[in-house]
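Asker: So that we are looking at the same thing, I have put the structure below in structure tokens.
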Amino acid sequence: MQPAQTVTPKGLAEFLLHVAVVRPVFIWGPPGIGKSAIVQQFARQVDLPCVSLLGSQLAPEDLIGVPQIVDGKSRFCPPTMIARDTPYCLFLDELNACSHEVQKAFYSLIHERRLGEYELPRGSIVIGAGNRAQDSAIVRPMSSALLNRMIHVQLQTSHRDWLEWAHANEIHPTVIEYVQNRPDHLWSQPPKTEEPFSTPRSWHMLSDRSRSMARSPTRPPSICSPRAACRPRTPGNSGPSSSRSAASTDSRRSCAVRWAGRTRPKNATSCTSCRSRCAPG
């Protein structure tokens, strides 16, 4: 699928304001570049609640509902998440990851804004999104009938848009500085093998981790256990008794393993139990 228009995150927000209010829109793009967040932000802009459905987790009956007998006739009752009385934004995430049976269930919802006897309230908006085949994601061929029911747009990353967003959303300064210096590292093509790759979402995750570590400063680990067995030596302390020699040997071995390749803290002292360098408890 080659969408006719390619936009950045800021361009997509403006595109949705002018197009999605008239016709259903499908957003193509790789994982982690902000498709879902932009749709949710758009829903807040137009003052509509956003209801998200994951196509990869849906079955046809999740949309059509279950039948009930009313006055001797069967009637399908769609779920309350969809069957609402007031306008809302229906976000069909991972739409091209659902089965063909589920895709068929979306035909009337997307084109006619109807599910059986239920019709979307006037003013409701339908937006779909999904990854591309080259993204090594879970995608399935979208039927031509479903493709033809939506206006398609391709979302691409923009380091300028992301940096503007990052400054407004308290992203860690180190992350911002790095992306400023290496904007080409903001996003990388998903690899064919199972390994991490760079996306705006992954940089956001790194920022959260950095701030979490800053709020919870680490301290040198307590090497000897139990702590009572590890006390600083004094001139009057001649060392561990023979009954504790085995524990002392184990402690020394433990200290040697745990401090291997690490820098000894400046406040480390020797202890009687392991006669090794360890942080005072």
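The values are calculated or read from the model by the stated rules, or taken from the named source; none is laboratory data. Since we're looking at a predicted model, the values are computed, not measured. Using ideal geometry, Cβ is built from the backbone for each residue, glycine included, and neighbour counts are taken over all protein chains shown.
Asker: Considering only the range 1-97, give the strands (runs of 3 or more DSSP E) lying wholly within it that have at least 3 residues that are crowded, with 21+ Cβ neighbours inside 10 Å.
Answerer: 25-28, 89-93
Asker: Would you tally the residues in the range 159-187 being among the polar types (S, T, N, Q) and within 20 Å of the chain's Cα centre (by Cα)?
Answerer: Matching residues across the range 159-187 total 1.
Asker: A further question follows. Just wondering, is there one or more residues in the range 184-200 that are farther than 29 Å from Gln103 by Cα, free of Cβ contacts under 8 Å to residues at least 40 places away in the same chain, part of a helix (DSSP H, G or I) and not assigned by TED's automatic domain parsing to the domain that holds Ser99?
Answerer: The answer is yes; a qualifying residue exists.
Asker: Of everything in the range 134-158, what is surrounded by fewer than 15 Cβ atoms within 10 Å (Cβ to Cβ) and either among the hydroxyl-bearing types (Ser, Thr, Tyr) or over 21 Å from the mean Cα position of the chain (by Cα) (or both)? Give them in sequence order.
Answerer: Pro141, Ser144, Ala145, Leu147, Asn148
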